[in-house]
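Down below is the structure, laid out as structure tokens.
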Amino acid sequence: MKKIIIFSIAIITIFSACNKVDYIAKGENKFDLVFITTNKDAENYWAPLTALVDEYFGTVIIPLNSDSTKAMMQLQKMMDERKPATMTLFFTSETANICNIFCSNNKEKISMSIPIDDIEQWKQILPEYMQATKDFYSEYEKRVDLLTKNGFNDADTTQCEWNYELTAEEKEKIVNYFQLDTVINDKKETWQKALAIGKFVSTNIPHGNQKTQPLAKDAITLWEFTKTVEPAINCRLHSFFTSQLLTSAGIKNRILTCLPYDSTDGDCHVVNIVWIPEQKKWAMLDTDQSIIVVDENGTPLSPFEMRRYYTEGKHFTILSNYTEPIDNMDYYTSYMAKNTCWFASPVDYADTIQNCLVPAGMKPWAYNYNYISTQSEIEFSKE
């Protein structure tokens with residue numbers, strides 16, 4: 001995940017035990033542009049490009065060792081000492097193999113890796129890339145700032161209740177219709193069962209903004225809608241469909257609308273959150289985008305935790321298809337920074353009353369009536 005960048009003008013030169021330069025770094029290390037070549041005079045080699053880099057970025061120049069083992073140690077030492085939030089690698093073709101391995105080992109930190117053998121061409125491209133990056137992070141910074149300034153208040157005593165219940169007959173019908181006994185393994189823990197259902201949903205129903213609305217939001221009606229009317233449905237209908245499969249499988253869950261601060265912004269995102277009793281926590285299941293988010297230990301995170309990670313400057317990893325770390329998911333990261341300002345969750349499948357978690361001083365502007373509003377994250381995220 002890319003973070004906000006503030007750079008100093010200090011120049012740091014690091015030497016190895018044999019006095020050979022491992023790398024030359026200029027500027028702070030929140031967002032590094034790393035230039036790699038085996039040319040011993042790497043600084044002059046990359047000068048036509050590094051001269052274009054302004055103080056918004058940190059610049060790292062690496063004269064890469066010709067020995068692959070030493071080269072990997074050299075790159076990893078740079079990463080360990082710089083500890084950047086994210087970096088973009090520019091490298092020459094003879095360093096491609098080692099750079100690709102390095103990128104694979106540091107997926108969560110590498111935003112892009114770009115082979116460059118035509119420096120003159122990149123003299124035109126690099127300023128455009130840097131401007132686009134600065135524009136992106138300027139917007140991202142504003143979104144995180146809004147989250148930071150608009151926190152929740154756990155002193156609020158307003159109570160919320162949920163009732164995501166289906167009758168025994170409804171559950172049996174869904175289990176049999178979708179053959180859920182072939183989708184999940186009862187011997188697995190809760191989160192593994194939820195992931196199996198998530199994969200089933202994402203595989204069979206893609207994302208799309210349907211032109212017509214289904215007659216109802218129950219799982220079987222939605223499934224038949226995608227098979228006979230339109231093949232794809234939006235995130236909201238995804239969440240209702242997924243929720244009823246989870247409930248029928250005995251997995252506690254909620255439908256969660258993630259909303260922005262700006263009341264004129266009509267774009268939000270709807271996901272499911274799953275209660276994991278083995279870990280006593282909620283976790284996000286985004287079947288619309290086939291995504292989950294995990295911390296550094298692989299523990300799945302909820303949107304509430306994602307919000308705190310944004311405001312605390314902590315890193316999380318986005319997993320596509322529920323298992324695969326994604327190198328460049330800046331769009332989703334920034335999108336959810338916008339859409340984790342406040343949350344709404346229907347009380348039940350009737351979807352007529354919303355429980356809302358809002359920052360102190362904010363009203364749930366998306367709902368004119370039929371809502372219960374709390375400022376307490378503890379109350380809203382209770383089991």
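Every number here is computed from the coordinates shown, using simple stated rules; none is lab data. Predicted model, so just to flag it, every value in this text is computed and none were measured. Cβ coordinates were reconstructed from backbone atoms using ideal geometry, including for glycine residues, and neighbour counts include every protein chain displayed.
Remarks
- Antiparallel content of DSSP bridges confined to the range 11-146, in %, to 5: 30 percent
- Of Lys173/Lys217; Lys83/Lys193; Lys77/Lys107; Lys109/Lys280, pairs whose Cα-Cα distance is over 24 Å: Lys83/Lys193; Lys109/Lys280
- Here the label points at Asn368 and Thr167, each 7 Å from Cα along the C-beta direction, are separated by 3.4 nm in the simple model.
- Cβ-derived FRET efficiency at R0 45 Å, Glu189 paired with Tyr129, nearest 0.05: 0.55
- Global geometry of the range 11-146, whether rounded, prolate or oblate, following the gyration tensor of its Cα atoms and the 1.5 cut on a/c: prolate
- The packing ranking, built from the mean of other Cβ atoms within 10 Å per residue, places the peptides 350-357, 303-310 in the order 303-310, 350-357, highest first.
- Other-chain or far-sequence residues with amide H under 5 Å of Ile114's (modelled H): Leu89, Phe90, Phe91
- Every Cα-Cα pair of the range 106-155 was included, and the share exceeding 13 Å stands at 73 percent.
- Exposure proxy ranking for Val144, Val358, based on other Cβ atoms within 10 angstrom of each Cβ and starting from the fewest, stands as Val144, Val358.
- Top of Lys252, Lys227, Lys187 by mean-square fluctuation, Gaussian network on the chain, Cα under 10 Å: Lys187
- Share antiparallel - DSSP beta bridges, the chain, percent rounded to 5: 60 percent
- Ranked Asp330, Asp118, criterion: other C-beta atoms within 10 Å, fewest first: Asp118, Asp330
- Each Lys or Arg adds one and each Asp or Glu takes one away; over the other residues whose Cβ falls under 12 Å from the Cβ of Glu230, this sums to +1.
- For the chain, built as a Gaussian network whose Cα springs stay under 10 Å, the top-fluctuating residue of Ser373, Ser68, Ser345: Ser68
- Exposure proxy ranking, count of Cβ atoms within 10 Å, fewest first, for Arg82, Arg236: Arg236, Arg82
- Between Ala219, Ala283, Ala155, the residue with the greatest mean-square fluctuation in the GNM of the chain (Cα pairs under 10 Å linked by springs) is Ala155.
- Using θ = phi - 60° in the Karplus curve 6.51 cos²θ - 1.76 cosθ + 1.60, the 3J(HN,Hα) couplings for the range 227-239 round to 8, 10, 10, 9, x, 10, 9, 7, 5, 5, 5, 3, 5 Hz; x is entered for Gly and Pro.
- Taking other residues whose beta carbon is less than 12 angstrom from the beta carbon of Ala155, and scoring Lys, Arg as +1 and Asp, Glu as -1, yields -4.
- Computed from the C-beta positions of Tyr331 and Asp145 and an R0 of 22 Å, the FRET efficiency is 0.70 to the nearest 0.05.
- Sites Asn204 and Ala47 - FRET efficiency at Förster radius 56 Å, r taken between beta-carbons, to 0.05: 0.55
- Pairwise centroid distance, computed over Cα atoms, of the range 81-134 with the range 310-383, Å: 33 Å
- Taking a ≥ b ≥ c as the square roots of the eigenvalues of the alpha carbon gyration tensor, the range 153-380 is rounded, as a/c is under 1.5.
- Separation of alpha-carbon centers, the range 214-240 and the range 163-183, rounded to whole Å: 16 Å
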